[in-house]
Amino acid sequence: METLTPPGPRARLAGLVLAAAACAGFFLSSAEPARAEYGDVVINSHSDAAGVRPVVFPHWFHRVRFRCKVCHSDLGFKFQAGGNDINMVKIIDGQFCGACHNGAVAWSVENCDLCHSGKPNTPTQVHESTIQKLVGAPAAAAAAPGPAAKR
């Protein structure tokens, strides 16, 4: 009688990757185009001029999986939306996004719509960032007249 052995770590990882890919395919195939969500970085340095949609980089999706230094030190991304001159030639050459999005670690450049999914003419920015919402708020609150202090 043959005994079944539990799957090893590689088999479990492969199963998780396949399940994630199936879920991603389901969500990415929706009729509604993708759009930036809170904390995403919209990158539109060259997209409009090239006639493609801006890139929507899901920062927090990557952040929960990797430490900051992986991208910001090891791969050279600056700590500023639009701080790097990223283009497809550099990505294909393995720089910036291309260090992982090479078809081996993550999907490759042939899947254009997975990254180029932003609304045309959206400027490079951190979408709905906390920093953008807070800029000026403390100063405005300080300038607002308040009730007189009771003595």
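The values are calculated or read from the model by the stated rules, or taken from the named source; none is laboratory data. In this text, all values refer to a predicted model and were calculated from it rather than measured experimentally. A quick note on method: Cβ atoms are made from the backbone with ideal geometry, for glycine too, and the neighbour counts reach across all protein chains shown.
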**Prompt:** Has the stretch 68-81 got any residue that is at pLDDT 85 or above, part of a helix (DSSP H, G or I), of a type in the set (A, V, I, L, M) and more than 23 Å from E110 (Cβ to Cβ)?
**Reply:** yes
**Asked** If you go through the stretch 37-61 one residue at a time, how many are exposed (fewer than 15 other Cβ atoms within 10 Å of the Cβ) and at pLDDT below 90?
**Response** 4
**Request:** Considering only residues that are hydrophobic (A, V, I, L, M, F, W, C) and either assigned to a loop (DSSP other than H, G, I, E, B) or in contact with a strand residue (DSSP E or B) (Cβ under 9 Å, 6 or more places away or on another chain) (or both), look in the stretch 82-112 and name the one that is surrounded by the fewest Cβ atoms within 10 Å (Cβ to Cβ).
**Result:** A104
